[in-house]
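Novice: I have a structure here, written as structure tokens, and I will follow up with some questions on it.
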Amino acid sequence: MGPKQLVQAWVEAFNRRDVDALAAMYHPDAVNHQVAESPVAGREAIARMFAQGFAAAEMVCLVENLFEDGDWAILEWRDPLGLRGCGFFHVVEGRIRLQRGYWDKLSFLRQHGLPLPSSG
């Protein structure tokens with residue numbers, strides 16, 4: 001499966017909130033770095049990250065653009081509440097080795113009624 005096809009499958013699993021299917025798409029030592037958060041290393045930790053995220057908020061990924069360049073897939077997305085972001089997926093041997101995502105954490109927290117970070 002190429003990077004673009006893998007990310008299409010990733011979006012489908014994400015929208016089903018299927019933590020097991022998502023985790024299976026990552027290398028055992030993969031890194032998921034949503035830049036608004038600390039990097040998460042390892043398939044098991046990534047699975048926990050998704051489980052916690054799905055428990056906290058109703059997240060939906062709507063694809064706006066999906067590109068492939070060699071071993072990379074680039075996803076531009078939005079959600080039904082108006083949040084937009086993008087993700088970069090490095091795919092090696094049919095699995096995600098590195099995922100890096102960019103989105104506005106403050107807008108996400110406000111949209112989902114989640115606690116805002118303290119100002120210090």
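Novice: Can you tell me which residue in the range 1-39 is modelled with the lowest pLDDT, limited to those that are over 21 Å from Asn65 (Cα atoms) and of a type in the set (Asp, Glu)?
Specialist: The qualifying residue modelled with the lowest pLDDT is Glu37.
Novice: On to the next question. For the range 68-79, check the following and say yes or no: at least one residue is of a type in the set (Gly, Ala, Ser), in a helix (DSSP H, G or I), touching a helix residue (DSSP H, G or I) at 6+ places or on another chain (Cβ under 7 Å) and modelled with pLDDT of 90 or more. I'd like the intermediate steps shown before the answer.
Specialist: As a first pass, look at the range 68-79 and keep what is of a type in the set (Gly, Ala, Ser): 70, 73.
This time we only want the ones that are in a helix (DSSP H, G or I), so: none.
Looking for residues that are of a type in the set (Gly, Ala, Ser), in a helix (DSSP H, G or I), touching a helix residue (DSSP H, G or I) at 6+ places or on another chain (Cβ under 7 Å) and modelled with pLDDT of 90 or more, one finds none in the range 68-79, hence no.
Novice: Could you list, in sequence order, the residues of the range 86-120 that are more than 24 Å from Ala55 (Cα to Cα), surrounded by 17 or more Cβ atoms within 10 Å (Cβ to Cβ) and of a type in the set (Val, Ile, Thr)?
Specialist: Within the range 86-120, Val91 is the sole residue that qualifies.
Novice: Of everything in the range 80-120 that's polar (S, T, N, Q) and part of a loop (DSSP other than H, G, I, E, B), which residue is farthest from Asp29 (Cα to Cα)?
Specialist: For the range 80-120, the residue satisfying everything is Ser119.
Novice: Are any of the residues in the range 25-32 among the polar types (S, T, N, Q) and either in contact with an Asp or Glu (Cβ under 7 Å, 6 or more places away or on another chain) or surrounded by 17 or more Cβ atoms within 10 Å (Cβ to Cβ) (or both)?
Specialist: Here is the first cut: in the range 25-32, the residues among the polar types (S, T, N, Q) are 32.
If we keep only those that are either in contact with an Asp or Glu (Cβ under 7 Å, 6 or more places away or on another chain) or surrounded by 17 or more Cβ atoms within 10 Å (Cβ to Cβ) (or both) too, we end up with 32.
Yes, there is a match, as at least one residue in the range 25-32 is among the polar types (S, T, N, Q) and either in contact with an Asp or Glu (Cβ under 7 Å, 6 or more places away or on another chain) or surrounded by 17 or more Cβ atoms within 10 Å (Cβ to Cβ) (or both).
Novice: For Glu64, work out the one condition from (1) outside any strand (DSSP E or B); (2) over 14 Å from the mean Cα position of the chain (by Cα) it doesn't fulfil.
Specialist: Failing condition for Glu64: (1).
Novice: Any chance you could count how many residues in the range 1-54 are of a type outside the set (D, E, K, R), without any contact (Cβ under 8 Å) to a residue 40 or more places away in the chain and not in a helix (DSSP H, G or I)?
Specialist: Residues in the range 1-54 being of a type outside the set (D, E, K, R), without any contact (Cβ under 8 Å) to a residue 40 or more places away in the chain and not in a helix (DSSP H, G or I): 6 in total.
The values are calculated or read from the model by the stated rules, or taken from the named source; none is laboratory data. Being a predicted model, the structure only gives us computed values, none of them experimental. Positions of Cβ are generated from backbone atoms using ideal geometry, with glycine treated the same way; all protein chains shown enter the neighbour counts.
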